[in-house]
Amino acid sequence: MPGGGGLDARPAAEALPVRDSSHRLSDPAKSELTIVEFLDFECEACGAYYPAVEQLREEYGDRVTFVARYFPMPGHRNGELAARTAEAAARQGQFEAMYNKLFTTQKEWGESQESKKDVFRGYARELGLDMGKFDAALADPKVAGRVREDQRDGIGLGVQGTPTFFLDGARIQNPSSYEQFKALIEDRLAD
């Protein structure tokens, strides 16, 4: 896959904010609300939202389904590779661990013009992944296709940048603070 990976400009025929195959970071038995984030692991704004999303997940994970979807942006040299890295980890049941690792280390690898494949392989090793399976998944066109499927849904839903959040299928303006995000959730849960 060439570096930088542009967006697949064709929107999905029937774009959906969340699919059965989407990665859920919380999956409560009785979900009262679904929050979907279209994200790019290399995006600094996504990295800035990450601690707030984690705090909200801790507070509301028993009532709210949090979903992460890939939307690597053109111009981020390692954004698409990071998404494939997370998807390759997901193939071994470690999506959430890699999601956390990529965001908590973003300052170490983001905004670089050279490939960080070796850095990402190091993360996979740290997480105890089977490296043969990880490398095979990273090179698998189906893994790249899975990232593109999320992008195509995002484009079809009008996503133009990251992060973009949807609450129960409705796109929202990005909250300016954790408190504002929490208030949005509380309002929806009170309905």
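The values are calculated or read from the model by the stated rules, or taken from the named source; none is laboratory data. In this text, all values refer to a predicted model and were calculated from it rather than measured experimentally. Every residue, glycine as well, gets a Cβ built from its backbone with ideal geometry; the counts of neighbours run over all protein chains shown. With ligands, DNA and RNA removed, areas are computed over all heavy atoms of the protein, side chains included. Shrake-Rupley method; radii C 1.70, N 1.55, O 1.52, S 1.80 Å.
On the given criteria, is Glu149 open to solvent by 60 Å² or more (accessible area, probe 1.4 Å), of a type outside the set (A, V, I, L, M), under 15 Å from the mean Cα position of the chain (by Cα) and at pLDDT 95 or above?
On the way: open to solvent by 60 Å² or more (accessible area, probe 1.4 Å): yes; of a type outside the set (A, V, I, L, M): yes; under 15 Å from the mean Cα position of the chain (by Cα): yes; at pLDDT 95 or above: yes.
It is true that Glu149 is open to solvent by 60 Å² or more (accessible area, probe 1.4 Å), of a type outside the set (A, V, I, L, M), under 15 Å from the mean Cα position of the chain (by Cα) and at pLDDT 95 or above.
Looking across Glu37, Glu42, one residue alone is part of a loop (DSSP other than H, G, I, E, B), open to solvent by less than 20 Å² (accessible area, probe 1.4 Å), in contact with a helix residue (DSSP H, G or I) (Cβ under 8 Å, 6 or more places away or on another chain) and touching a residue at least 60 places away in the same chain (Cβ under 8 Å). It is Glu42.
Residue-level check: of (1) modelled with pLDDT of 95 or more; (2) more than 27 Å from Gly61 (Cβ to Cβ); (3) touching a helix residue (DSSP H, G or I) at 6+ places or on another chain (Cβ under 9 Å); (4) of a type in the set (Asp, Glu), Glu111 misses just (1). When restricted to residues that are open to solvent by 40 Å² or more (accessible area, probe 1.4 Å), in a helix (DSSP H, G or I) and over 23 Å from Ile35 (Cα atoms), region 61-120 contains 5.
Kindly evaluate Val67 against the criterion of being within 14 Å of Asp40 (Cα to Cα), touching a residue at least 40 places away in the same chain (Cβ under 8 Å) and β-branched (Val, Ile, Thr). Even if it seems obvious, please write down each step before you answer.
Working: within 14 Å of Asp40 (Cα to Cα): yes; touching a residue at least 40 places away in the same chain (Cβ under 8 Å): yes; β-branched (Val, Ile, Thr): yes.
The answer is yes for Val67.
Exactly one residue out of Ile172, Ile155 is over 24 Å from Ala97 (Cβ atoms) and touching a strand residue (DSSP E or B) at 6+ places or on another chain (Cβ under 7 Å), and it is Ile172. Scoring Asp62 on the criteria (1) at pLDDT 95 or above; (2) out of contact with any Pro (no Cβ under 7 Å at 6 or more places or on another chain) leaves a single failure, condition (2).
Residues checked against (1) surrounded by fewer than 18 Cβ atoms within 10 Å (Cβ to Cβ); (2) without any contact (Cβ under 8 Å) to a residue 24 or more places away in the chain; (3) within 19 Å of Glu14 (Cβ to Cβ):
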position	(1), (2), (3)
Ala124	no, no, no
Met131	yes, yes, no
Gly145	yes, yes, yes
Asp153	no, no, yes
Asp168	yes, no, yes
